[in-house]
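The values are calculated or read from the model by the stated rules, or taken from the named source; none is laboratory data. Please read all numbers here as calculations on a predicted model, not as lab measurements. Ideal geometry is used to build each Cβ from the backbone, glycine not excepted, and the neighbour counts take in all protein chains shown.
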Amino acid sequence: MFPASIAGRSGAVRTAYGAGVLLLLVLWLLPLMGVALTSLRSVDDLNRGNYWGWPTEFHLLQNYGQVLAGSHIGSFIANSFMITIPAVVATVLFASMAGFALAKHDFRGNRALLMLFVAGNLVPAQALMIPVRDLMIALDLYDTRVALVLFHTAFQTGFGTLFMRNFIRELPDPVLDAARIEGAGELTVFWRVVMPLVHPAMAAIAVLIFTFVWNDYFWSLVLVQSDSIRPLTAGLQTLRGMYQTSWHLVCAGAILAAIPPVTVFFTMQKQLVAGLTKVEQVER
């Protein structure tokens, strides 16, 4: 079955494979290393054009301290959490409920509804910009955190529903039928039977949605104008001056912005791998 395990190949193939992986890893990490080193450089180092060389002096505390104390980065981080966490919770809940309905209930339009969920993720974000903005203005939600929470919940629920539907579809029907025979309603079956069995998938989708929403930049510009409610990804632009850009501060802010999703990923790494592995087995 493709892809075949590399362990069974010849020594030359394994060596070439390892070298290729190492090369791709270096190419992928090189920009990240450049950002990390720039966040430690001094202004004089940048003015001399030392962008990729080893810093002549390290300004770790100065740069990060200036970003944290001399800007609104703290409020931007708080805004990102206040937007991301509700969006993740709502998306996982709605996606699980919709996935359960589509996976275990045969009704007219089931397939069409699933296709509608999937099709929503194929629409370019630029095509939705004006309609979504006008809708938020009409609802008097423009330039609020609620606008971003509602949009991300609605937009990410399609992907989450497809993910959860494929997972829930493989749950054994006799387990659900046994709960129904005991008198449990569909909502009770969902909360007491389905939810405990799909924790790995919920954890996996939560990590993915957290990363998507936290790293969003486009919609934080479209739906938000005020710095008081701007999330971190859009707030980094405030570190740029009118006449020049302090790249060492911008890079320091970018490193701070990357810490939460990286932390979430490594904290829930086992659940993420378990959920994705299960979904892969289901799709096969």
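Here are the numbers for this structure:
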{"read-out": "Breaking point among (1) farther than 15 Å from TRP247 by Cα; (2) touching a residue at least 40 places away in the same chain (Cβ under 8 Å), for LEU27", "value": "(2)"}
{"read-out": "Residue satisfying condition, being touching a residue at least 24 places away in the same chain (Cβ under 8 Å), farther than 24 Å from ASN215 by Cβ and not assigned by TED's automatic domain parsing to the domain that holds ALA257, within set VAL21, VAL13, VAL35, VAL43", "value": "VAL43"}
{"read-out": "Test result for VAL222, under 19 Å from the mean Cα position of the chain (by Cα) and either in contact (Cβ under 8 Å) with a residue 12 or more places away in the chain or not assigned by TED's automatic domain parsing to the domain that holds LYS104 (or both)", "value": "yes"}
{"read-out": "Selected residue (criterion: nearest to LEU60 (Cα to Cα)) from residues of region 28-42 that are outside any helix (DSSP H, G or I) and polar (S, T, N, Q)", "value": "SER39"}
{"read-out": "Matching residues in region 147-202 - criterion: being of a type in the set (Phe, Trp, Tyr) and closer than 30 Å to ILE229 by Cα", "value": "PHE151, PHE155, PHE159"}
{"read-out": "Residues satisfying the stated conditions in region 46-82, i.e. more than 30 Å from VAL146 (Cα to Cα), without any contact (Cβ under 8 Å) to a residue 24 or more places away in the chain and not in a loop (DSSP other than H, G, I, E, B)", "value": "ASN47, LEU60, LEU61, GLN62, GLY65"}
{"read-out": "Residues (surrounded by 12 or more Cβ atoms within 10 Å (Cβ to Cβ), among the hydrophobic types (A, V, I, L, M, F, W, C) and without any contact (Cβ under 8 Å) to a residue 24 or more places away in the chain) located in region 165-190", "value": "VAL175, ALA178, ALA179, ALA184, VAL189"}
{"read-out": "Condition broken by LEU197, with the remaining ones in (1) touching a Gly at 6+ places or on another chain (Cβ under 8 Å); (2) closer than 30 Å to HIS105 by Cα; (3) surrounded by fewer than 21 Cβ atoms within 10 Å (Cβ to Cβ) satisfied", "value": "(1)"}
{"read-out": "Residue that is farthest from ILE255 (Cα to Cα) [pool: residues in region 1-27 that are at pLDDT 80 or above and loosely packed, with under 10 Cβ neighbours inside 10 Å]", "value": "ALA12"}
{"read-out": "Count of residues meeting criterion [over 24 Å from SER80 (Cα atoms) and in contact (Cβ under 8 Å) with a residue 40 or more places away in the chain] in region 117-160", "value": "2"}
